[in-house]
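**Student:** Structure in structure tokens, see below.
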Amino acid sequence: MVLQGCDASVLLQGNGTERSDPGNRSLGGFQVIDSAKRMLEIFCPGIVSCADVVALAGRDAVAITGGPQLQIPTGRRDGRASAAANVRPNIIDTTFTMNEMINIFTAKGLSLEDLVVLSGAHTIGSAHCSAFSDRFQEDSKGKLTPIDASLDGNYANELMQKCPVGASDSVTVFNDPKTSSSFDNQYYRNLAAHKGLFQSDSVLLDDKRTRNLVEDLANDQEKFFQSWSQSFLKLTSIGVKTGEEGEIRQSCSMTLVGEEL
């Protein structure tokens with residue numbers, strides 16, 4: 001979720017930046033953004049912002065993995081501020097209730113439908129064991145047992161085998177165990193089968209406000225792709241800096257003033 005807007009503030013390095021917050025420790029691909037920016041600075045210096053690179057990279061990652069192709073506007077400028085203190089109040093935690101997620105999305109001008117559709121990004125990627133550990137508890141014998149009745153029993157057993165007590169922090173699990181590298185509607189099919197990895201996934205099926213949309217998207221991939229294109233466009237347009245706001249960085253990890261934040 002964007003904080004101050006789609007301004008590449010998460011790319012800035014340094015103590016106390018958004019990127020340094022533990023909530024962003026699973027982020028990756030920074031080297032891809034840096035490589036693209038270096039190439040752009042050779043051919044068209046000072047023209048393409050890091051914010052545009054991030055937005056376009058997100059769009060293209062979806063298309064490359066089989067998702068919809070779409071056009072998004074460019075012309076964003078990069079933010080100069082990045083504070084870790086802004087992260088937690090503005091991102092969705094995997095333990096959030098429906099109301100907590102709605103509050104954050106509403107504050108960004110996003111709808112309940114956007115919440116369900118953008119959650120479909122979990123059709124690709126992976127998560128650390130700690131991201132769903134709240135769905136289990138350790139018994140007196142040092143074994144994990146499920147405490148979330150909404151989770152399919154067989155799937156719960158698979159997760160406990162992959163993430164037993166004492167599992168390394170480096171262990172990860174695919175968000176979507178069936179088609180982990182394909183952008184498709186399998187995420188919603190997983191939810192319908194009570195196999196959502198996170199609590200924040202499962203509540204989308206459990207809550208009557210979103211259940212019908214989850215079922216519709218599970219049965220209609222084209223509807224998901226069309227809805228994704230609309231919601232992603234809205235996401236990449238939140239709080240965009242233009243005109244004299246912000247800057248266009250030469251390096252995505254550092255502001256033009258030369259201070260590594």
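The values are calculated or read from the model by the stated rules, or taken from the named source; none is laboratory data. What you see is a predicted model; the values in this text were computed from it and never measured. We place every Cβ from the backbone using ideal geometry, glycine too, and count neighbours over all the protein chains shown. Quick note on the areas: whole protein, heavy atoms, side chains included, nothing else; ligands and nucleic acids left out. Shrake-Rupley method; radii C 1.70, N 1.55, O 1.52, S 1.80 Å.
**Student:** Please list, in order, the residues from the stretch 1-44 whose amide nitrogen is less than 18 Å from a point placed 7 Å along the Cα→Cβ vector of Thr65.
**Tutor:** 1-2, 24-33
**Student:** What does the helix-only formula give at 222 nm for the chain: each DSSP H stretch with n ≥ 4 adding -39500 (n - 2.57), the total divided by the residues, and the result rounded to the nearest 500 deg cm²/dmol?
**Tutor:** -11000 deg cm²/dmol
**Student:** Picking from Gly166, Gly246, Gly46, which is most flexible by a Gaussian network model of the chain using Cα springs under 10 Å?
**Tutor:** In this elastic network of the chain, the residue with the biggest mean-square fluctuation among Gly166, Gly246, Gly46 is Gly166.
**Student:** Once you put a point 7 Å from the Cα of Lys178 and another 7 Å from the Cα of Ile42, both along the Cβ direction, what distance in nm separates them?
**Tutor:** Placing both labels 7 Å beyond Cα along the Cβ direction yields 4.3 nm.
**Student:** Sticking with this one: Using alpha carbon centroids, what distance separates the stretch 72-92 and the stretch 106-162, in Å?
**Tutor:** With the stretch 72-92 and the stretch 106-162 each reduced to a Cα centre, they are spaced 26 Å.
**Student:** Continuing with this model, one more query. What order do Arg189, Arg211, Arg76 take when sorted by accessible area (1.4 Å probe), most exposed first?
**Tutor:** In descending accessible area the options line up as Arg189, Arg211, Arg76.
**Student:** Separate question: Tally up the carbon and sulfur contribution to the accessible surface of the chain as a whole percent, 1.4 Å probe, everything protein left in place.
**Tutor:** Carbon plus sulfur share of accessible area: 50 percent.
**Student:** FRET efficiency for Asn154 and Glu244, Cβ-Cβ distance as r, R0 = 41 Å, nearest 0.05?
**Tutor:** Calculated transfer efficiency: 0.10.
**Student:** Using the structure shown, list the pairs from Lys143/Lys208; Lys141/Lys162; Lys108/Lys241; Lys37/Lys241; Lys195/Lys223 with a Cα-Cα distance above 24 Å, or answer none.
**Tutor:** With Cα atoms farther than 24 Å apart: Lys143/Lys208.
**Student:** Mind telling me which of Asn157, Asn90, Asn185 comes out most flexible in a GNM of the chain, alpha-carbon contacts under 10 Å?
**Tutor:** Asn157
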